[in-house]
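Worksheet for the structure shown next.
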Amino acid sequence: MDQGRIVKVAGPLVVAEGLPSSKMYDLVRVGTEGLMGEIIEMRADRASIQVYEETEGLGPGDPVEATGAPLSVELGPGMLEAVYDGVQRPLDALEAQSGAFITRGMNAPGLDREKRWEFTPVVSAGDRVEGGDIIGTVPENTVIEHRVMVPPGISGAIESISAGEYTVTDPVGRLVADDGTTHDLVMMQVWPVRVPRPYKKKIAADEPLTTGTRVIDTFFPIVKGGVACIPGPFGAGKTVTQHQIAKWSNAEVVIFIGCGERGNEMTDVLMEFPELEDPYSGEPLLKRTVLVANTSNMPVAAREASVYTGITMAEYFRDMGYDVVLQADSTSRWAEAMREISGRLEEMPGDEGFPAYLGTRLASFYERAGKVECLSSDGGAEGARAQAAGSGGPEEASAARSVREDSDEGPTGTAAKRTGSVSVVGSVSPPGGDLSEPVVQNTLRVVKVFWALQDQLAFQRHFPAIDWLTSYSLYLDKITGHWAEEVSPEFRARRDECMAILQRENELAEIVRLVGVEALSPEEQILMETAKSIREDFLQQNAFRDDDQFSSLHEQDRLLEMILLFHKTAIRAHEHGAALKEIFAAPVREHIARAKYLTEDRAAEFDEIASEIETQLVGTGPLREETAVYAGGER
Amino acid sequence: MREYMTTRDIVGPLLLIESVADVTYGELVELEFPDGTRSLGNVLEVDRDVALVQAFEGTRGANTAQTKVRFLGRSLELGVSRDMLGRVFDGLGRPADGGPDIIPDVRRSIYGSPINPTARDFPDDFIQTGVSAIDGLNPLVRGQKLPIFSGSGLPHNQLAAQIARQSAVLDCTGGDEIGCKAEGEFAVVFAAMGITFADADFFIDEFRNTSAIERAVLFLNLADDPAVERIATPRMALTAAEYLAYDCDMHVLVILTDMTYYCEALREVSAARKEVPGRRGYPGYLYTDLATIYERAGRVKGRHGSITQVPILTMPDDDKTHPIPDLTGYITEGQIVLDRNLHRRGIYPPVAVLPSLSRLKQKGIGPGKTREDHADLSNQLFGAYARGLQAKELAVILGEAALSDDDKAFVAFADAFEDRFIRQGPHEDRSIADTLAIGWELAALLPRTELKRIKDAYVEKYLPTDDGEEDAAS
């Protein structure tokens, strides 16, 4: 390998000479301590290198060693529950080496080389496999089964494979490729972070990713494989919203990238996630989580790399057939890292000093999200297992393949196919909360869900401070069918009605501000009260209250039903002469307000609320007898 | 010792030195000007045999022909020792009180090293500052960085001094009851950047009068001191703080004032380097640079000490979206915002409760820390105050008569809240029990049905009843 020399040092950027055979984005080792760096520009024989560690003390003449390989991550058993820095060094290994403070020049492999994993093959000798095929499984922890795959680009026949305990680099078997060469099969794959992992094809995402947060799930839902962004000024609750999704979403694997954010926030995640129970598996949340922590005071170039490290890991779990959520908090810090490096390269700046390629980089990052049919030769994991059980040979594998080809025209994959998804939720920290700044604008071009956080709402302690008037989700129509089947046929209609009430409230609020609430018609006054109820009793959700932080879709539907029932009954009662004051003072309103905290026997409680609405509104009005005809059931 | 007299350019605080050898990035430089004055600097960039040096103490008196430049082969360091307590230093860590030099226990690079996130311990020890607007609504916890966003002419110095004077951690080993003040070694590290002599003198006086000076280390870079020196001052202070916290097991409160002048010094250097500016001419790396200061707050597992930061910054034109408060807010764990209107109305401390925030309060309050009802009550007070202010705006347009009865109750609440909860004396040290008791008295002004954010059980237990049994809460 080439050995070059430093000629210039300017902050995180180092320029070196004498690396003729290196390529763009190759990894190099800088200085006598061997600091990690990546080539990001080449002019004649000068290579500009962004260094992932502090460069203090480097000077012209220091050595630079080429490695000939791009910046890559190690993929295999052992990633879950780990905490990595931006270039996949496990932080606990760094702590073991240097103590509480991170010093320079430390090396630690992304995957533990000593730890042995129990490998169970699902294919057998003689089977034909291709890149992406599952050859065996490892129970990585009690939640996630790690599916060991043939690396993309390799195909051939299994020569040998056996169960046993292996480290990630031990051969578990051998494969004879089509060209006659043999390859050891190991559990670990190495993949360059800036190259998307291949898949068979992208498919339309149509299944909701539920988060337990009412304003998101009901009003601005995201799908598995979808992309969302959360822009908002500081203090509006970006990070809490991100944490809520990491905690309660129904994804199987969560990759959380703390990109240039606070150290204490990562500590919070680290201390809380082992304690919290995953509502779906009942196991600690940390077991399904990979953390990438590159806090704001850690080197800026590693921050630039951290989002790529994270998304490559996400794609790897997707390839196994899992639904993955990747959260990047915050993409603005990533963009700023790009800006800083770009400035040092003396590139011509675009908007606000950001590089001209900001939009392209953001778009190609978000585009790595999506629901896909995973790379494999056959129907999927089940197929591979069936094959293993039947000890089938190449004939059976090709039969499976032809089945696949036949069903290609089918809607979105059959049950036999292995599909996986990566959903990306990126937070954006616009300077001064100004949504016209370049990072927000470039992000909005590619994301389909926009959760706009408002500091005015946060000041009123309306959390989550997601502004219902400006936020949007373009996935709504895609999942309406799913809602009708899984939640209730009226859910979409209820949601739309509430949305309309909130919109109308906004218009009326102007009038109220000018001439007072008395100027409104009684129907409008009822609408204003209903809107307030939607805001306070439905949209507001306390992330720190055990009985409020998670709300199932079914509960969300029932809650909306109650609010709307009150609304309609109130209008009816008023039409029959009940005074507005009496209607608004009905004790059932407090019952509705507390309905979101219900923990036990919610169904019965909701029914009780429904009957109270009837008795209190209709039952107390002066025209009780007359309205009785409308008041079905209880009275 | 490598000494050169090959200065080619002098631009503002920067010098370009030619024909140098073996210079490294970040290296400390000693400059000797023709008249014999000496000044420190460091290497910002080195390109083959050309080094770019920033002079901390300015370049007045320098010329290209006779200036001697010595590269010292190490980075800027501070010799730290327990003996620093009670001493005053200049912005580069040299004694400024006429006392003897410190005999360092160890010399540390002022740039520090990032704390490994896995080694951090989460800050969750409530600090009782004795200020209701902070303790009740936006509590400070040990290891937090909570800036004061202020404006020119507002009493941020008084508030910072009051916090430094009164801060105590409660000992809650006694169970559910609110604990008494816990024992522990405290220290205050104070860094002044570009503030006036009068402001600095106020703090020194304040520390002297309360004999807190013996537990304080002061670094002073005043308004007439070299601007570029300010870039080093907060790092000097934090290096001393880290030593006291992690080597001497002390709980250190670091006050940095005024971060605005620090950022301006950074901008000055950036402009002299002709870097591509970000917003309002501040360098694009301002966020990263500020993070390397603020993120040095925290607690580390297995060490007893902690570093709590209270940076002060004056917002130009009270504009919170100005890059300095904006980027600060994105790094720090909340902010205490001072409000000019409250100040004009004579309310001290003029804490604007609504835009203020403490991100760590959820972890620092509740049973075993303060009291079970603290979180709910503070949410309720926030919400009610916000609604009261809204109703007041309405009353301005429509007149008080147009308000509904509920709204009138909230207006009355908002006024009482400002007068009794926020307002207190600069030397009034309220215990958290007192703060909560006032909060409940105010909550009692609201209709019972509006107390939606408080669990029923707490309302039953703590809400003062009509027959004047107001001490039920304490």
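The values are calculated or read from the model by the stated rules, or taken from the named source; none is laboratory data. Please read these numbers as outputs of a predicted model, since none were measured by experiment. We place every Cβ from the backbone using ideal geometry, glycine too, and count neighbours over all the protein chains shown. Calculation scope for accessible area: heavy atoms of the full protein, side chains included, ligands and nucleic acids excluded. Shrake-Rupley method; radii C 1.70, N 1.55, O 1.52, S 1.80 Å.
Here are the numbers:
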{"read-out": "Residue count, the stretch B:50-76 (criterion: of a type in the set (Asp, Glu) and at pLDDT 95 or above)", "value": "0"}
{"read-out": "Among (1) open to solvent by 10 Å² or more (accessible area, probe 1.4 Å); (2) acidic (Asp, Glu); (3) over 19 Å from residue B:159 (Cβ atoms) - the single one residue B:373 does not satisfy", "value": "(1)"}
{"read-out": "Verdict on residue A:538 being on the phi < 0 side of the Ramachandran plot, open to solvent by less than 50 Å² (accessible area, probe 1.4 Å), assigned by TED's automatic domain parsing to the domain that holds residue A:248 and among the aromatic types (Phe, Trp, Tyr)", "value": "no"}
{"read-out": "Test for residue A:473: is it more than 12 Å from every other protein chain (Cβ to nearest Cβ), of a type in the set (Gly, Ala, Ser) and in contact (Cβ under 8 Å) with a residue 40 or more places away in the chain", "value": "yes"}
{"read-out": "Boolean, residue A:323 is of a type in the set (D, E, K, R), surrounded by fewer than 24 Cβ atoms within 10 Å (Cβ to Cβ) and more than 10 Å from chain B (Cβ to nearest Cβ)", "value": "yes"}
{"read-out": "Selection from the stretch A:514-563 of residues that are under 20 Å from residue A:242 (Cβ atoms) and within 14 Å of chain B (Cβ to nearest Cβ)", "value": "A:539, A:540, A:541, A:542, A:543, A:544, A:545, A:546, A:548, A:549"}
{"read-out": "Residue B:152 vs. criteria in contact with a strand residue (DSSP E or B) (Cβ under 6 Å, 6 or more places away or on another chain), within 13 Å of another protein chain (Cβ to nearest Cβ) and in a loop (DSSP other than H, G, I, E, B)", "value": "no"}
{"read-out": "Filtered residues of the stretch A:271-307 (kept if farther than 25 Å from residue A:210 by Cβ, touching a residue at least 60 places away in the same chain (Cβ under 8 Å) and within 12 Å of chain B (Cβ to nearest Cβ))", "value": "A:293, A:294, A:298, A:299, A:300, A:301, A:302, A:303, A:304"}
{"read-out": "Conditions (1) out of contact with any strand residue (DSSP E or B) (no Cβ under 6 Å at 6 or more places or on another chain); (2) open to solvent by 10 Å² or more (accessible area, probe 1.4 Å); number of the one not met by residue A:365", "value": "(2)"}
{"read-out": "Selection from the stretch A:414-455 of residues that are out of contact with any Gly (no Cβ under 9 Å at 6 or more places or on another chain), in a helix (DSSP H, G or I) and under 23 Å from residue A:211 (Cβ atoms)", "value": "A:440, A:444"}
{"read-out": "The stretch B:331-350, residues that are over 14 Å from the mean Cα position of the chain (by Cα) and crowded, with 22+ Cβ neighbours inside 10 Å", "value": "B:339, B:349, B:350"}
{"read-out": "Selected residue (criterion: least open to solvent (accessible area, probe 1.4 Å)) from residues of the stretch A:98-121 that are at the interface with another protein chain (Cβ under 10 Å from one of its Cβ atoms) and without any contact (Cβ under 8 Å) to a residue 60 or more places away in the chain", "value": "A:100"}
{"read-out": "Meets criteria (over 30 Å from residue A:233 (Cβ atoms) and modelled with pLDDT of 95 or more) for residue A:378", "value": "no"}
{"read-out": "Failed item in (1) on the phi < 0 side of the Ramachandran plot; (2) open to solvent by 10 Å² or more (accessible area, probe 1.4 Å); (3) of a type outside the set (A, V, I, L, M, F, W, C); (4) away from chain B (no Cβ under 14 Å), with residue A:310 passing the rest", "value": "(2)"}
{"read-out": "Of all residues in the stretch B:351-363 being over 10 Å from residue B:138 (Cα atoms) and open to solvent by less than 20 Å² (accessible area, probe 1.4 Å), the one that is farthest from the other protein chains (Cβ to nearest Cβ)", "value": "B:351"}
{"read-out": "From B:369, B:274, residue being in a loop (DSSP other than H, G, I, E, B), in contact (Cβ under 8 Å) with a residue 12 or more places away in the chain, among the charged types (D, E, K, R) and more than 8 Å from chain A (Cβ to nearest Cβ)", "value": "B:369"}
{"read-out": "Candidate set: the stretch B:391-445, residues that are open to solvent by 50 Å² or more (accessible area, probe 1.4 Å) and among the β-branched types (Val, Ile, Thr); chosen: the one modelled with the highest pLDDT", "value": "B:396"}
{"read-out": "Within the stretch B:125-183, tally of residues that are of a type in the set (Lys, Arg) and at pLDDT 90 or above", "value": "2"}
{"read-out": "Positions within the stretch A:585-604 being open to solvent by less than 50 Å² (accessible area, probe 1.4 Å), within 22 Å of residue A:539 (Cα to Cα) and part of a helix (DSSP H, G or I), in sequence order", "value": "A:588, A:591, A:592, A:593, A:595, A:596, A:597, A:602"}
{"read-out": "Per-region count, the stretch B:107-143, residues within 14 Å of another protein chain (Cβ to nearest Cβ), under 29 Å from residue A:269 (Cα atoms) and in a strand (DSSP E or B)", "value": "5"}
{"read-out": "Condition met for residue B:287 (out of contact with any His (no Cβ under 9 Å at 6 or more places or on another chain) and surrounded by 24 or more Cβ atoms within 10 Å (Cβ to Cβ))", "value": "yes"}
{"read-out": "Yes/no for residue A:6 being without any contact (Cβ under 8 Å) to a residue 60 or more places away in the chain, in a strand (DSSP E or B) and surrounded by 24 or more Cβ atoms within 10 Å (Cβ to Cβ)", "value": "yes"}
{"read-out": "Among (1) of a type in the set (S, T, N, Q); (2) touching a Gly at 6+ places or on another chain (Cβ under 6 Å); (3) not in a strand (DSSP E or B) - the single one residue B:335 does not satisfy", "value": "(3)"}
{"read-out": "Filter result (over 11 Å from residue A:6 (Cβ atoms) and either at the interface with another protein chain (Cβ under 8 Å from one of its Cβ atoms) or open to solvent by 30 Å² or more (accessible area, probe 1.4 Å) (or both)) within the stretch A:46-60", "value": "A:54, A:56, A:57"}
{"read-out": "Lone unmet requirement of (1) at pLDDT 95 or above; (2) under 30 Å from residue A:262 (Cβ atoms) for residue A:340", "value": "(1)"}
